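First the structure, in the form of structure tokens, and then the observations on it.
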Amino acid sequence: MKGRIFLLLAGAAGLLWAGHDKRIVGTAMGENQDLILHVTLYLDPASVNQAAGADLGGNFIVADVKIEPKYGKEITIDRDDFVLRTDKDGEKTTPFAPSEIAGRGALVVKHQRVGGNEGSILYGGAAPQVNGGTVFQDGKANDSLEKTLAAKALPEKKTDQPASGLLYFSMDKQKMKDLELVYGPPGDQRIRLRFKPQ
């Protein structure tokens, strides 16, 4: 009898711990004529911390990107070719460089919804999502964090070999189903990725 009670309590504790430690991670794969793209997206602070070595204040989504050139073609990897967008409110962002996150004078931008009164001359009602509360850090760089983020970042280079690394997107409070990662310029070569929970 005591053994059964112990097993029930242990099982209940395991369920509570699993619920507490929930990770929000999604994966996607896409390709065009030049390359194959594998991406794992980390949304929650615990997963971001595991991938990047810091939770980045809970205001970043981290993408672990693997690029495989096809047929020995040389490709150019440029972080600005990636755009993360959300269906929730149309917000989109390109990746932040490690120095923008943890370097001296790093810029912190807080997003907020600004609204006017009904019939407001300024807004004519609720305003769309805008940037607000822009704050500069006090000039103290977090060198160790910047080095960690830089070491893990997707390298920008020309290559005909597989490459991998992280991209850091400033976007918070998003659901996996609303997110789309777009790679490349408009046209046939553009890759659009939607993520499946892992």
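Taken over the range 14-32, the residue count meeting the criterion of being at pLDDT below 95 and in contact with a Lys or Arg (Cβ under 8 Å, 6 or more places away or on another chain) is 0. Pairs are defined by a Cβ separation below 7 Å, a sequence spacing of at least 6 or placement on different chains, a first member in the range 45-59 that is assigned to a helix (DSSP H, G or I), and a second member that is of a type in the set (Gly, Ala, Ser) and at pLDDT below 95; the pairs so defined are 45/58. Restricting 109, 65 to residues that are touching a Ser or Thr at 6+ places or on another chain (Cβ under 8 Å) and at pLDDT below 95 narrows the list to 109.
The values are calculated or read from the model by the stated rules, or taken from the named source; none is laboratory data. All of these numbers come straight from a predicted model, not from anything done at the bench. Don't worry about glycine lacking a Cβ; one is built from the backbone with ideal geometry, like all the others, and counts go over all protein chains shown.
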